[in-house]
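Q: Submitted below is the structure of interest, expressed as structure tokens.
The values are calculated or read from the model by the stated rules, or taken from the named source; none is laboratory data. What you see is a predicted model; the values in this text were computed from it and never measured. In this analysis, Cβ positions are derived from the backbone assuming ideal geometry, glycine residues included, and neighbour counts consider all displayed protein chains. Heads up: the accessible areas ignore ligands, DNA and RNA and are worked out on the full protein's heavy atoms, side chains in. Shrake-Rupley method; radii C 1.70, N 1.55, O 1.52, S 1.80 Å.
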Amino acid sequence: MILLKSPAEIAKMEAASRIVAEILAEIQTRVKPGVETRELDELAEELCRRHRVQPAFKGYRGYPASLCVSVNEEVVHGIPGPRKLKAGDLVSLDFGVRRDGYYGDAAVTLAVGEVSPQARLLMKATEESLYAAIDRARPGNRLSDLSHATQTVVESYGFSVIRQFVGHGIGRSLHEDPQIPNFGPPGRGPILKPGMTLAIEPMTAAGSWEVKILADGWTAVTQDGSLAAHFEHTVAVTEKGPLILSRI
């Protein structure tokens, strides 16, 4: 069941999502060679306390951290730990909070120092595909119009969209209906209506879209070891078009 949100509920989600964006922006300033990924998670927790919000991920289905930190071939759900970032890495930060009963969720991929031209292009393609999907989050469009937009942009660059993980509805729960694949033909699925709130999140790979889960039970990596990227915004469908809630 897709739950439509009132303007008051969307305002609460925007408040939560803006805190997500502010915290991610501060974490980004700490991303540099030599930093341990667990230091970024510790900072995320400290900032949650400062903003008086609850981290959305910690404890969710047993996830042990507040921040997902995925490096290079890691697609999503990378668990922070003693790993040190190094120049040339790609690092994806996925983060959410709960505030006043509502969730916000966002993700960004960053370059650590100088990275390869392929890495730069993968980030560009993934972020571009996110905004192409967001642009289609308008009343009267179909849900798969977003999926098709993502796939079209990513594949135009010669990259792949991950198929095992998808975007989702969001609101009082971190994950609500509907699921939002990042691939597929247009013109299918539910008709978009004002009040829908969506976490749109393309995940991509420089090589094959196939992934595997590591022994920790969480970290998803590309099977072929190719680089991965991940961008995400929490978005509301409104009469006037898409409203990005997770933007400072």
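Q: Name the long-range amide H neighbours of L67: under 5 Å, sequence gap of 5 or more, or other chain; modelled H, no Pro or chain starts.
A: Amide H neighbours of L67, under 5 Å, 5+ apart: none.
Q: D100 versus E239, label points 7 Å from Cα toward the beta carbon: distance in nm?
A: Placing both labels 7 Å along Cα→Cβ, they lie 2.2 nm apart.
Q: Ignoring everything but the protein chains, give the 1.4 Å probe accessible area of K32 in square angstrom, nearest 10.
A: It works out to around 120 Å².
Q: If you don't mind, there's one more thing I want to ask. I'd like to compare 199-205, 157-163, 6-12: which one has the highest average count of other Cβ atoms within 10 Å, and what's the full order after that?
A: Top of the packing list down: 199-205, 157-163, 6-12.
Q: Run the accessible area of the chain with a 1.4 Å probe and give the carbon-and-sulfur part as a rounded percent.
A: Summing carbon and sulfur atoms, their accessible area is 50 percent of the total for the chain.
Q: If amide hydrogens are placed 1.01 Å from N in the peptide plane, which non-local residues have theirs closer than 5 Å to the one on V75?
A: Those lying under 5 Å, H to H, from V75 are A220, V221, T222.
Q: Give K5/K58; K12/K58; K58/K86; K86/K212; K12/K84 a once-over and call out the pairs whose C-alpha atoms are over 29 Å from each other.
A: Pairs exceeding the cut-off: K12/K84.
Q: Something else about it: In terms of the Cα gyration tensor, with a ≥ b ≥ c the square roots of its eigenvalues, is segment 130-228 rounded because a/c is under 1.5, prolate because a/b exceeds b/c, or oblate?
A: Oblate shape, in that a/c is at least 1.5 and b/c is the bigger or equal ratio.
Q: Rounded if a/c is under 1.5, else prolate if a/b is larger than b/c, else oblate: which is the chain, with a ≥ b ≥ c the root eigenvalues of its Cα gyration tensor?
A: Here the chain falls in the oblate category.
Q: Which one, Q54, Q118, Q28, has the greatest fluctuation when you compute a Gaussian network model over the chain with C-alpha springs under 10 angstrom?
A: Residue with maximal mean-square fluctuation among Q54, Q118, Q28: Q118.
Q: Using a Gaussian network model of the chain with C-alpha springs under 10 Å, which one of A133, A215, A149 is most mobile by mean-square fluctuation?
A: A215
Q: Sort S70, S116 by accessible area with a 1.4 Å probe, largest first.
A: Order by accessible area, largest first: S116, S70.
Q: Lys and Arg at +1, Asp and Glu at -1: add these up for the other residues within a Cβ distance under 10 Å of G189 and post the number.
A: Charge balance near G189 sits at +1.
Q: Whole-Hz ³J(HN,Hα) for each residue in segment 167-172, computed from phi via Karplus 6.51 cos²θ - 1.76 cosθ + 1.60 with θ = phi - 60°, x for glycine and proline: what do you get?
A: With the stated coefficients, segment 167-172 comes to x, 6, x, 8, x, 6 Hz.
Q: Send over a whole-number figure in Å² for the accessible area per residue of segment 67-139, probe 1.4 Å.
A: 35
Q: Would you tally the net charge around A228, using a Cβ to Cβ cut-off of less than 9 Å, leaving A228 out, and scoring K and R as +1, D and E as -1?
A: Neighbour charge sum, excluding A228 itself: -2.
Q: Sticking with this one: For R142, what residues show an amide H to amide H distance below 5 Å, using hydrogens built from the backbone and excluding near sequence neighbours?
A: Answer set, sorted by chain and number: G187, L192.
Q: Would you check the accessible area of E42, probe 1.4 Å, heavy atoms only, in square angstrom rounded to 10?
A: Approximately 110 Å² for this residue.
Q: Then there's this: Using just the helices of the chain, give the 222 nm mean residue ellipticity in deg cm²/dmol: DSSP H runs with n ≥ 4 each add -39,500 (n - 2.57), and the total is spread over all residues, rounded to 500.
A: Value at 222 nm, helices only, nearest 500: -9500 deg cm²/dmol.
Q: Would you kindly derive the ³J(HN,Hα) couplings of segment 41-48 from the backbone phi angles with the Karplus curve 6.51 cos²θ - 1.76 cosθ + 1.60 (θ = phi - 60°), listing them in order in whole Hz, with x for Gly and Pro?
A: Per residue, the Karplus-derived 3J(HN,Hα) values read 5, 4, 5, 4, 5, 4, 5, 4 Hz.
Q: Let me ask another. Got a sec to turn the phi values of segment 138-149 into Karplus ³J(HN,Hα) couplings, 6.51 cos²θ - 1.76 cosθ + 1.60 with θ = phi - 60°, whole Hz, x for Gly and Pro?
A: 10, x, x, 6, 9, 4, 6, 5, 5, 4, 5, 4
Q: Now a separate question. If I build a Gaussian network model for the chain, linking alpha-carbon pairs within less than 10 angstrom, which residue out of T234, T222, T126 has the largest mean-square fluctuation?
A: Its mean-square fluctuation being the largest, the pick is T222.
Q: Can you tell me the equivalent ellipsoid semi-axes for segment 60-206? Use √(5λ) from the Cα gyration tensor, largest first, whole Å.
A: They are 26, 21, 11 Å, listed largest first.
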